[in-house]
Amino acid sequence: MSALPPSLRAALARPVPPGGLGSLEHVVFFMQENRSFDHYFGTLRGVRGFDDRNAITRQDGRPVFDQSGVLPYPVRAGAGTRDLTDGDLQYVEGVDHEWDTGQATRGGGWHDGWIAAKGAGSMVHFDRRDLPFQFELADAFTLCDAYHCSMFGPTNPNRFYHWSGMTGIEPSGRRATGNEACEEDTHPGYTHTSYPERLTAAGRSWRVYQEWDNYQCNSLDYFSSFKEIARKALAYTPYQSLHAFYVSLYLLPDERDDLLAALRKGIAELSPAERDFYERGLHRVEPGQLAASFRADVAEGRLPQVSYIVAPEAYSEHPDPSSPAHSANLVYDIVDALASNPSVWEKTALFLTFDENDGFFDHIPPPLPPEGTEGEFIDGLPIGLGYRVPMTIVSPWTAGGYVCSEVFDHTSTIRFVERWLGVAEPNITPWRRRVAGDLTSAFDFNPPAPTTGANAGAVGEVPQAGAGVVVPPFRVRWPATPPAVGRLATQEPGTRPARPLPYRPEASAVLAGDGLIVTMTDVGERGSHFALYPYAGEFEFPRHHDVLGTQTLTVPVKSGAYRLVLTGPNGFRREFAGSGAGAAAAVAVSSRGDGHLLTVTIANPGPARLSFTLEALEYGAGRQNAAVAPGGRTVLCWDTTSGWYDLRLTVAEDPSFHRRIMGHLEDGRTSVSG
C-alpha cells in the first residue's frame, strides 16, 4: 500500500510534459520547521547520510559521527525504558536552536561541539519506518542532499533569507540572529524590501496561504511595510499586530464576530495597493481551511505564479507542538490538490523544505565564507551557510527518485524564481550567489518518455493508497536519550540516479622548502567551495576557499611533517600526508578527469628510484604499480566506469607519503549516487 495520494500515483504514470523552465506557470514553496538532513534522511539509500565516505574525522581521529562518545541513534533506541507506543515516537522533543549554540556546534570548524552545545538529544534520528510518507515522496521525486539552511540560528532569520535574501537589521544596527521580531506589538519591523514586494513591482502574481494561526512563520508580518498595512487594517480593533488580533479570536470567542467585523472595516479603508498587499500577504483563512483554500484556488484556476504556504502550529512539524505525521498530512493534501488537476500539475513545481535544523545533528560541516567576506559575518562569526535540511522537489520534471548534490541554501529558492521570472533580488550577497546554486539543476525538462511511473508499476496502474497520513494522538512529548551502547548508524543499501552537477574540482599538493604548496582548481561553470582541514597542526582551524579557475596557497609545515584533508562538493576529497625527510618528499602528484577516465600523473624529482602503488579503496577493485626513475614521471590511467573513484597512492620507500584521490567525474549527464 502506497502512502502517496492516488492522484499523485496516476500523475506519475502519465508521460512527462515537454518544455523547459519557461513551461512552468506555478511555483509553490512550503517551508516547514526544524529538522536536519541526517535527523530525517540519514538512513535513506543513495544520499550523503550515515555511510558517507567523505565524512571528516575529528582532530582526535574519531569519526565526526562520534560526538563526545555519543553516536547518532534511532528514535526507537532513544526511547529507552519509557512506556511509549509507535505513535509517541513522532513526538520526540526538540533541542535548543539559537545562534550562540549553533555557533558552538561548529567547534571553530572542527564540527565537534554538538554535545556540549545541544545535548545528547541532538543525535536522535528517524528512519523509513517512522517517516514512510516522506521517504516514499523522496523515492518518487528529487531530494537535494546538499541543501543548507542559511545561518546558524533559529526560525526567523533563516526564513528571512527565503523571503528576502538576507536576515533583517535590528534597530540597533546589528543583523538579526534571533526571533526578536516575534514581539510583534513592539518590534518596529525590518525596513528592507521583501521578495514578494519585488514580484508585485514586476507585475508577477503571488499569495501566502495561511490560517488564523500561522505560528508566526509568515515573515511578511515582520517587514515594516507590511506592519504598517496591518495596523491600518486593525484601526477599529484594540490590537497593534495581526498576531495579537488572531490570538484574541481564540481567547475571546464571544467577541469573535465583532472583532472580525472591525477588521473587515479597516481592510475596506485601505488603498487599492495596500489592500492588494493585504490580500496577498496577510489575509488568513479560518482554522482548518488552509488546505481547502489552496485546493480551491488550484481547482478554479486562481493559483498565482508564486505561492507561499505557512502551516499552523500543529502542522508546522516543529518538534515541540507538532510532528512529522502532522506535516505529512498537510503535504499529502497539498500534493493531492495539485495532482488532482492535471492541467495545473503539468505546469507546477512544489518545493518542500525546512527553515532550520533545530538542534539536530548533521554530519556535514557547511560551506563558510572566507575571512573578510562582506555581509557574511556578525561580530566576527560566519553567518552561514547553516547545517543541511531536507529539500524535496515535487514536479513532473523531478520524478524518478533522483538525488541532486549541488550546494543550495534558502536564497536558492529566490534565485530559482529569479531565473524563471527574471525578477532580481539584490539582497543576496555575491558570496551566496557564488557558493549556492539556483535549484534548476534538480530538474530535467527534457526527460525520455517514461514507460512506468517512479515506483508506480505499469502505465495506468495506480496502486492502492491510504486516505491521507494518520496522525497519532498526542500522549507525551519526550526527550530522547542515547542508548547505553551505541553503534554507527548505517543507510539502506543501494544507490539512486543523480542529477548532473556544475562542478569540475581538482587539487594537488607538493612540498617546497618549509611549506606545502596546495593548488585548487575548478574549470566548471560555477567553481567549487573547498574546506582544508589541518591534522598536523599546520594552522588552528579549518580554512575555506572559493575557487573558480585556480587558487594556490602555501601551508606551513611544522616539525617537518604534514597531514591535510581537502574536501569539496559531491564527495570530492584529497588527502595529503608526508615528511620533509622522506624519500618521496619532493614527489608531485596531480590528477585530471576526462569523461569517466581519471589520469594520475606522478613526477619524481628526487635522487632515487621510487615504487608507487595506486589502489582502489572503493568503487571496484584494482591496483597499478609503477616505478619512477629519478627525474622521471609516469601517467596512470584509471577507468572509473560510474564516474566515482576512491584511490590511495603510496610509496614503498617512504611510508610517510600518502595521497588519497576521491570524488566524481561529471560529464554533464545523469549519473548514479556514490
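Of all the listed residues (167, 193), the sole one being in contact with a Lys or Arg (Cβ under 6 Å, 6 or more places away or on another chain), farther than 27 Å from residue 78 by Cβ and outside any helix (DSSP H, G or I) is 167. Test residue 207 against the stated conditions and say whether it is touching a His at 6+ places or on another chain (Cβ under 9 Å) and either outside any helix (DSSP H, G or I) or not hydroxyl-bearing (Ser, Thr, Tyr) (or both). Considered against the rule, which asks whether it is touching a His at 6+ places or on another chain (Cβ under 9 Å) and either outside any helix (DSSP H, G or I) or not hydroxyl-bearing (Ser, Thr, Tyr) (or both), residue 207 comes out as yes. All conditions in (1) under 24 Å from residue 151 (Cβ atoms); (2) open to solvent by 30 Å² or more (accessible area, probe 1.4 Å); (3) modelled with pLDDT under 95 hold for residue 76, with the sole exception of (1). For segment 304-340, a residue qualifies if it is β-branched (Val, Ile, Thr) and outside any helix (DSSP H, G or I), and the qualifying residues are 306, 309, 310. Working only within segment 179-216, note down all residues that are surrounded by fewer than 22 Cβ atoms within 10 Å (Cβ to Cβ), hydrophobic (A, V, I, L, M, F, W, C) and over 11 Å from residue 280 (Cβ atoms). 182, 201, 202, 212, listed by residue number. Somewhere in segment 85-107, is a residue open to solvent by less than 30 Å² (accessible area, probe 1.4 Å) and free of Cβ contacts under 8 Å to residues at least 24 places away in the same chain? Taking every residue of segment 85-107 in turn, at least one turns out to be open to solvent by less than 30 Å² (accessible area, probe 1.4 Å) and free of Cβ contacts under 8 Å to residues at least 24 places away in the same chain. Within segment 131-145, not a single residue is at pLDDT 95 or above, assigned to a loop (DSSP other than H, G, I, E, B), open to solvent by 10 Å² or more (accessible area, probe 1.4 Å) and over 27 Å from residue 184 (Cβ atoms).
Only one of 246, 250, 215 is part of a loop (DSSP other than H, G, I, E, B) and touching an Asp or Glu at 6+ places or on another chain (Cβ under 9 Å). Can you tell me which? So the residue among 246, 250, 215 that is part of a loop (DSSP other than H, G, I, E, B) and touching an Asp or Glu at 6+ places or on another chain (Cβ under 9 Å) is 215.
Note on segment 406-423: residues that are within 10 Å of the chain's Cα centre (by Cα) and either in a loop (DSSP other than H, G, I, E, B) or among the β-branched types (Val, Ile, Thr) (or both) total 4. For segment 629-663, filtered to residues that are of a type in the set (Gly, Ala, Ser) and assigned to a strand (DSSP E or B), the residue that is least open to solvent (accessible area, probe 1.4 Å) is 663.
The C-beta contact set for segment 24-36 (first residue β-branched (Val, Ile, Thr), second residue assigned to a loop (DSSP other than H, G, I, E, B) and open to solvent by 10 Å² or more (accessible area, probe 1.4 Å), distance under 9 angstrom, 6+ apart or interchain) comprises 27/305; 28/303. Is there a residue being open to solvent by less than 20 Å² (accessible area, probe 1.4 Å), outside any helix (DSSP H, G or I) and within 30 Å of residue 348 (Cα to Cα) anywhere in segment 269-286? Yes, some residue in segment 269-286 is open to solvent by less than 20 Å² (accessible area, probe 1.4 Å), outside any helix (DSSP H, G or I) and within 30 Å of residue 348 (Cα to Cα). Quick check on segment 612-628: of everything there that is under 23 Å from residue 581 (Cα atoms) and surrounded by 14 or more Cβ atoms within 10 Å (Cβ to Cβ), which residue is farthest from the chain's Cα centre (by Cα)? The residue in question is 628. Residue count for segment 195-223 satisfying the condition of being hydroxyl-bearing (Ser, Thr, Tyr), over 30 Å from residue 251 (Cα atoms) and touching a Gly at 6+ places or on another chain (Cβ under 8 Å): 1. Within segment 352-403, the residues that satisfy the criterion of being open to solvent by 10 Å² or more (accessible area, probe 1.4 Å) and small (Gly, Ala, Ser) are 372, 375, 380, 399, 400.
If you check 23, 68, 7, which single one turns out to be small (Gly, Ala, Ser), over 30 Å from residue 206 (Cβ atoms) and either more than 23 Å from the chain's Cα centre (by Cα) or buried (at least 24 other Cβ atoms within 10 Å of the Cβ) (or both)?
Working: 23 fails: over 30 Å from residue 206 (Cβ atoms); 7 fails: over 30 Å from residue 206 (Cβ atoms).
68 is the lone residue from the list that is small (Gly, Ala, Ser), over 30 Å from residue 206 (Cβ atoms) and either more than 23 Å from the chain's Cα centre (by Cα) or buried (at least 24 other Cβ atoms within 10 Å of the Cβ) (or both).
The requirement of being free of Cβ contacts under 8 Å to residues at least 60 places away in the same chain, more than 22 Å from residue 329 (Cα to Cα) and not β-branched (Val, Ile, Thr) is satisfied by residue 68.
Residues in segment 628-669 that are in contact with a strand residue (DSSP E or B) (Cβ under 6 Å, 6 or more places away or on another chain) and touching a residue at least 60 places away in the same chain (Cβ under 8 Å): 14 in all. Only residues that are touching a helix residue (DSSP H, G or I) at 6+ places or on another chain (Cβ under 9 Å), under 27 Å from residue 132 (Cα atoms) and open to solvent by 10 Å² or more (accessible area, probe 1.4 Å) were counted across segment 44-64, and they come to 4. Scanning segment 219-268 for residues that are in contact with a Leu (Cβ under 8 Å, 6 or more places away or on another chain), β-branched (Val, Ile, Thr) and either closer than 21 Å to residue 181 by Cα or open to solvent by 90 Å² or more (accessible area, probe 1.4 Å) (or both) yields one hit, 229.
The values are calculated or read from the model by the stated rules, or taken from the named source; none is laboratory data. Since the structure is predicted, the reported quantities are computational estimates derived from the model, not experimental observations. Note that we place each Cβ from the backbone using ideal geometry, even for glycine, and neighbour counts take in every protein chain shown. Ligands, DNA and RNA are stripped out before the accessible areas are found, and what is left, the full protein with its side chains, is counted by its heavy atoms. Shrake-Rupley method; radii C 1.70, N 1.55, O 1.52, S 1.80 Å.
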